[in-house]
Amino acid sequence: DQQVKQNSPSLSVQEGRISILNCDYTNSMFDYFLWYKKYPAEGPTFLISISSIKDKNEDGRFTVFLNKSAKHLSLHIVPSQPGDSAVYFCAATGGFKTIFGAGTRLFVKA
Amino acid sequence: DAGVIQSPRHEVTEMGQEVTLRCKPISGHNSLFWYRQTMMRGLELLIYFNNNVPIDDSGMPEDRFSAKMPNASFSTLKIQPSEPRDSAVYFCASSFGGEHTGELFFGEGSRLTVL
C-alpha cells in the first residue's frame, strides 16, 4: 500500500532548463509534504517543504506546488544545474510518521 | 555539530549470522527513526522512537528484526538470523520538536550485504 508515489524513476534535463518532479499521494490527512535530495553514499537531506494548508512554497531555485484536490505535488527547479543531479524523494507526514516515495533520479546535463 | 552517526558503514555477512547496526542521533533530538532503502520499495519506515520509547514498529518486516533505544544517544537495529533479502541500505534519522513537520536528519547509512 504505497501512500506516496513517484511514478517517474528518472528524469533527464538540460542545464539551465526547468526540472519538474512529480509526486502523488493517497492520504488526505497528511499535514506536511517534503522533498529530500540524496547523493550517492550519503543520507537524504531535507530540501523544501509545504504545509497542507498552502499551495506553494518557494526557496531560491526550488518551488513546491501542492494540489490537494488532485492529491498531487511537484518540485520545480529553475534553472537546473549539474550539481542538482541526485535522487529526489517526495515525502509526506501524518502524525509521527514520514512516508517516502521511491525516488526520482534527476540527471542535469551540462 | 556532529550529525547522525551510523556504524558500520558497510557490513558483509553470511546468511544466518546476526547483524547489529548502530545509531547515535543528534544531541537534543527526541525522535529517532530507522528506514530501509531498497531498489524495489524505496525508503521504508521500519520503526519510530519518541523519547526512547518505541511508538510504531509496524514497518518491521518480521520477528527477525528488533530495535532498541536504551538511552537518548544510542539505538540499535538487530537482524537475527540475517537472510539475503535483508540486503539493503539502512538509515537512521532523528528529529526534534513537538509538532512533527517531517524534517528529518539522516545518517549516511549502513549498507548491508547478506551472502
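Where a number appears in this text, it was derived from the coordinates with a stated rule and is not lab data. Note that the coordinates shown come from a computational prediction; the quantities given were computed from them, not determined experimentally. FYI the Cβ positions are ideal-geometry reconstructions off the backbone, even for glycines, and counts take in every protein chain you see.
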Can you tell me how much longer the chain between B:Arg41 and B:Ser58 gets when fully stretched, taken as 0.36 nm per residue apart minus their C-alpha distance, in nm with one decimal? 4.5 nm
Nearest 20 debye, what's the magnitude of the dipole of the range B:1-83 about its Cα centre given +1 on Lys and Arg Cβ and -1 on Asp and Glu Cβ? 240 debye
Given +1 on the Cβ of Lys and Arg, -1 on the Cβ of Asp and Glu, and no further charges, what dipole in debye does chain A carry about its Cα centre, rounded to the nearest 20? 120 debye
Roughly how big is the protein assembly as shown's charge dipole about its Cα centre, with Cβ charges of +1 (Lys, Arg) and -1 (Asp, Glu), in debye to the nearest 20? 420 debye
Share (percent) of C-alpha pair distances in the protein assembly as shown greater than 23 Å works out to 48 percent
Least to most buried among B:Glu44, A:Glu15 (fewest other Cβ within 10 Å first): A:Glu15, B:Glu44
Under a crude label model (7 Å from the Cα following the beta-carbon direction), how far is A:Glu42 from B:Thr113 in nanometres? 2.4 nm
Inter-part gap, Cα centre of the range A:15-70 to Cα centre of the range B:48-74, in whole angstrom, is 28 Å
Can you work out ³J(HN,Hα) from phi for every residue in the range B:84-96, in order, using Karplus 6.51 cos²θ - 1.76 cosθ + 1.60 and θ = phi - 60°, giving whole Hz and x for Gly and Pro? x, 6, 7, 4, 4, 9, 9, 10, 10, 9, 9, 8, 9
Near A:Lys97, which lysines are there with a Cα under 30 Å away, not counting those fewer than 8 places off in the same chain? A:Lys5, A:Lys37, A:Lys38, A:Lys54, A:Lys56, A:Lys68, A:Lys71, B:Lys24, B:Lys68, B:Lys78
When Cβ neighbours within 10 Å are restricted to other protein chains, what is their mean count per residue of peptide A:44-51? 3
Hey, what do the phi angles of the range B:60-69 turn into as Karplus ³J(HN,Hα) couplings, whole Hz, using 6.51/-1.76/1.60 and θ = phi - 60°, x for Gly and Pro? 5, x, 6, 5, 5, 9, 9, 9, 9, 9
Tell me which of A:Ala86, B:Pro81, B:Ala93 sits at the most positive position along the dipole axis of the protein assembly as shown, charges placed on C-beta atoms (Lys, Arg +1; Asp, Glu -1). A:Ala86
